[in-house]
1. Looking at (1) within 30 Å of the chain's Cα centre (by Cα); (2) hydrophobic (A, V, I, L, M, F, W, C); (3) part of a helix (DSSP H, G or I), which one does ILE289 not meet, given that it meets all the others?
2. Tally up the residues in the range 20-67 that are of a type in the set (Gly, Ala, Ser), touching a residue at least 12 places away in the same chain (Cβ under 8 Å) and over 30 Å from THR193 (Cα atoms), please.
3. Any residue in the range 356-380 that is free of Cβ contacts under 8 Å to residues at least 40 places away in the same chain sitting within a Cβ distance under 9 Å of a residue that is of a type outside the set (Phe, Trp, Tyr) and assigned to a helix (DSSP H, G or I)? List the pairs, counting only those 6 or more apart or interchain.
4. Hey, among the residues in the range 277-311 that are farther than 15 Å from GLN44 by Cα and touching a helix residue (DSSP H, G or I) at 6+ places or on another chain (Cβ under 6 Å), which one's surrounded by the fewest Cβ atoms within 10 Å (Cβ to Cβ)?
5. Assuming ARG213 fulfils every condition listed in (1) surrounded by 12 or more Cβ atoms within 10 Å (Cβ to Cβ); (2) out of contact with any Cys (no Cβ under 6 Å at 6 or more places or on another chain); (3) touching a residue at least 40 places away in the same chain (Cβ under 8 Å); (4) not β-branched (Val, Ile, Thr) apart from one, which condition is it?
6. Among the residues of the range 122-161, which ones are of a type in the set (A, V, I, L, M, F, W, C) and more than 30 Å from LEU97 (Cβ to Cβ)?
Amino acid sequence: MAEQEFPFSAAIAAQQQQEKALASVPAFAAVKEALKEGETFVRQTRRNENKAFDGSFIEELEKGVDAVARIIANPRSFIKEQAELVEAGLAKKINALSVQHLASHSQFVRSIDAKGNVTPDKILTIHSEMDAQIYENRFVMTLIHKCITFIQARYWYIKEHAETHDSDLLLVHNKVTIDGVTYEVDTRIKASTPSEDKGDSAINANILERLTRLRERCSWYLRSPFMEEMKGAKEVTSPIHMTNMLVKNPDYHAAYELWEFLDAYDELGISYEVDETNQSFDASYHDAIYNLATMSVLTLSSHLVKNNKAALPTKTRTIKPKVVFTLDDETFDDGKFLYDAYPEAKKSRKNPLALTPEEAKADSEALLQHMKEQRDAKKRLTPRIVEEKDKRALEAARRRVKAAEKLYAEFAAKQAKEEAANAKAKPVKAAPKSSRRVDTKDEKSAILASAKADKARRGR
């Protein structure tokens, strides 16, 4: 069922007839003339809003995301081999490296039979496993996170701010005093319709739909088996190392170009153009606005709360003003020494009790002087601490020397006592006295000859 058009034309015609009828009523005309004598402000503005999406970043994202899709469907991997020394019975796979290791480590050989067959006790086995966490795949993993951040920021901004409207805004303000009562009329009326974006609304809707699809694809990539395999891998950062795979593989190179584009693109991808035109008021429009203000005043006058017996309960609040100035400020105030009397003081002084710039400077200088005195006291105290520390170290060294001398004396006394005891146990026989005195030179010659004879015997 088609939506029925609202009868605005008939309503406007009825309003014009009513205004003509009211103009002939003297009382209505008197209130209207009183409003014309009051303070009046009227403004109407026509505002046309147009948005334009930047389709270039959508195209770059689509090309790069397609390449990422092909990569995660068949990611490159690396065969990682790990050697482990195990019992011979537990070895599942051996190769030439196992034989070389056994040949250079004979302690792991159990036996060799007559035919030369070797039975090992332990042998080196090789474990092979596929490692997908290579640098290029870590780059793709980081790129997926980067795409999600890039798309999410623009998607949510566009969703919240993409709606544009063409609108007319009317502002009316009037203030007048009639029979001792001051009336203030503030009216704000706005009429808006969705903008056509200069005929590009269909193109903008298509770009927004493509951005939504890209967001959904990247969200799926984040939960793909590829990302499960990359769990725990370290992300990469710019600058990217241009490996052979990133240079020569078309998909990985397309992903690299997307990385470079995301780093260089710093816009939101949407721009707005706003045209504002002020309305010119003729006599008939002014008269219609005064009719609106007059009807507002008369409507309020006929529905005052004090005249309504069925009014809602009254809420009472007590407001207690606070004293801003101290008693001294009030006592000595002569009108020109208050801080708030000077505009330049209001910027730096929020209340009369705050410090003035001079007081703040004096406090700062006093603080700096106190810190300087503390540093000087510390400098004077440091040599004394070092001197006392050296004195304690010297006393400790002297105590150690005395203890060592005491131990040495006890050891020497004990050794002397043992030598004396040994001397008493084995008395030395006195050599027979010779009747002939031997010359010193003859004694030396005899000793040398005896030594040579002993040496010759040991040589035999």
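A short reminder: the numbers here are calculations on the coordinates, not readings from a lab. Just so it is clear, the structure is predicted and the values come from calculations on it, not from any experiment. For neighbour counting, all protein chains shown are included, and Cβ atoms are generated from backbone atoms with ideal geometry for every residue, glycine included.
1. (1)
2. Number satisfying all stated conditions: 4.
3. THR356/ALA345; THR356/SER348; PRO357/ALA345; PRO357/SER348; ALA360/SER348
4. ALA311
5. Unmet for ARG213, out of (1) surrounded by 12 or more Cβ atoms within 10 Å (Cβ to Cβ); (2) out of contact with any Cys (no Cβ under 6 Å at 6 or more places or on another chain); (3) touching a residue at least 40 places away in the same chain (Cβ under 8 Å); (4) not β-branched (Val, Ile, Thr): (3).
6. PHE139, VAL140, MET141, LEU143, ILE144, CYS147, ILE148, PHE150, ILE151, ALA153, TRP156, ILE158, listed by residue number.
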